[in-house]
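The values are calculated or read from the model by the stated rules, or taken from the named source; none is laboratory data. These numbers were taken from a predicted model, which means no experiment stands behind them. All Cβ positions, glycine included, derive from the backbone under ideal geometry; neighbour counts span all protein chains shown.
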Amino acid sequence: MTGPMWIRAADTLHRLADLGQQHGVMFVLENLNTEVDHPGVPFARVEDVLALVESVDRPEIRIMLDLYHAQIGEGNLVELVHRCAPYIGEVQVADVPGRREPGSGEIHYPAIARALQEIGYRGTVGLESWASGDDEQALRRFRDAFTL
């Protein structure tokens, strides 16, 4: 990522933070993956998004920690949850491969749920996935994955 791109992104987020402060809202910046879904996108890795959000240092700008994208691009999701703890504004979940519901793939979501509990996260956990079969079963798997 180039210096000018970083400066422009930080400036944009500062302006968004000002709007958020005026209107009492928070904006979230999502990490993505470049390997499967978003080739070439800047600020894809959690590390990059975190560095940008930290540099802006405003409560109106937070991370949307997308665990599906993080698993594809980085892995070690429990560590990422702990590292991003003060800056998480929302968590999105889906399993890998195939963006299916939690419990259908390689991510061990009960460990994620424990990590979120350990950091005191009480915000939104959004299910952003396709059902691998029956919709009701997919919702049960989501609930079961996050029930400690």
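Results for (1) in contact (Cβ under 8 Å) with a residue 12 or more places away in the chain; (2) over 18 Å from the mean Cα position of the chain (by Cα), shown as yes or no for each residue.
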position	(1), (2)
Ala10	yes, yes
Gln22	no, yes
Thr34	yes, no
Pro42	yes, no
Arg45	yes, no
Asp66	yes, no
Ile72	yes, no
Cys84	yes, no
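Is it the case that some residue within region 1-14 is hydrophobic (A, V, I, L, M, F, W, C), exposed (fewer than 14 other Cβ atoms within 10 Å of the Cβ), touching a helix residue (DSSP H, G or I) at 6+ places or on another chain (Cβ under 8 Å) and more than 30 Å from Gly103 (Cβ to Cβ)?
Yes: one or more hits.
Test of understanding: among Ile63, Ile72, which residue is closer than 25 Å to Phe146 by Cβ, touching a Gly at 6+ places or on another chain (Cβ under 7 Å) and β-branched (Val, Ile, Thr)? Before the answer, list the steps.
Details: Ile72 fails: touching a Gly at 6+ places or on another chain (Cβ under 7 Å).
Going through Ile63, Ile72 in turn, the sole match is Ile63.
Could you list, in sequence order, all residues of region 15-46 that are small (Gly, Ala, Ser), surrounded by 11 or more Cβ atoms within 10 Å (Cβ to Cβ) and in contact with a Ser or Thr (Cβ under 9 Å, 6 or more places away or on another chain)? Explain how you work it out, then say what you get.
Initially, region 15-46 is screened for residues small (Gly, Ala, Ser), giving 17, 20, 24, 40, 44.
Adding the requirement that they be surrounded by 11 or more Cβ atoms within 10 Å (Cβ to Cβ) leaves 17, 20, 44.
The answer is Ala44, and nothing else.
Could you list, in sequence order, all residues of region 49-88 that are of a type in the set (Val, Ile, Thr), farther than 12 Å from Val28 by Cβ and surrounded by 23 or more Cβ atoms within 10 Å (Cβ to Cβ)?
Of everything in region 49-88, just one residue is of a type in the set (Val, Ile, Thr), farther than 12 Å from Val28 by Cβ and surrounded by 23 or more Cβ atoms within 10 Å (Cβ to Cβ), namely Val81.
Those residues that are among the charged types (D, E, K, R), out of contact with any strand residue (DSSP E or B) (no Cβ under 6 Å at 6 or more places or on another chain) and closer than 17 Å to Val49 by Cα, I need them from region 84-111; list them, please.
Answer for region 84-111, where residues must be among the charged types (D, E, K, R), out of contact with any strand residue (DSSP E or B) (no Cβ under 6 Å at 6 or more places or on another chain) and closer than 17 Å to Val49 by Cα: there is none.
In this structure, is Glu101 at pLDDT below 95 and exposed (fewer than 15 other Cβ atoms within 10 Å of the Cβ)?
On the way: at pLDDT below 95: yes; exposed (fewer than 15 other Cβ atoms within 10 Å of the Cβ): no.
So Glu101 does not fit the description; no.
Of everything in region 89-98 that's in contact with a Ser or Thr (Cβ under 6 Å, 6 or more places away or on another chain) and closer than 30 Å to Asp57 by Cα, which residue is surrounded by the most Cβ atoms within 10 Å (Cβ to Cβ)? Walk me through it before giving the result.
Step one: list which residues in region 89-98 are in contact with a Ser or Thr (Cβ under 6 Å, 6 or more places away or on another chain), which gives 90, 94-95.
Next, only the ones that are closer than 30 Å to Asp57 by Cα stay: 90, 94.
Details: Glu90: 17, Ala94: 23.
The qualifying residue surrounded by the most Cβ atoms within 10 Å (Cβ to Cβ) is Ala94.
Being surrounded by fewer than 19 Cβ atoms within 10 Å (Cβ to Cβ), among the small types (Gly, Ala, Ser), in contact (Cβ under 8 Å) with a residue 40 or more places away in the chain and within 25 Å of Gly20 (Cα to Cα), is that true of even one residue in region 107-128?
no
Out of region 49-60, which residues are touching a residue at least 24 places away in the same chain (Cβ under 8 Å), out of contact with any His (no Cβ under 8 Å at 6 or more places or on another chain) and not small (Gly, Ala, Ser)?
We begin by selecting, within region 49-60, every residue touching a residue at least 24 places away in the same chain (Cβ under 8 Å); these are 50, 52-56, 58-60.
If we keep only those that are out of contact with any His (no Cβ under 8 Å at 6 or more places or on another chain) as well, we get 50, 52-55, 59-60.
Matches in region 49-60: Leu50, Leu52, Val53, Glu54, Pro59, Glu60.
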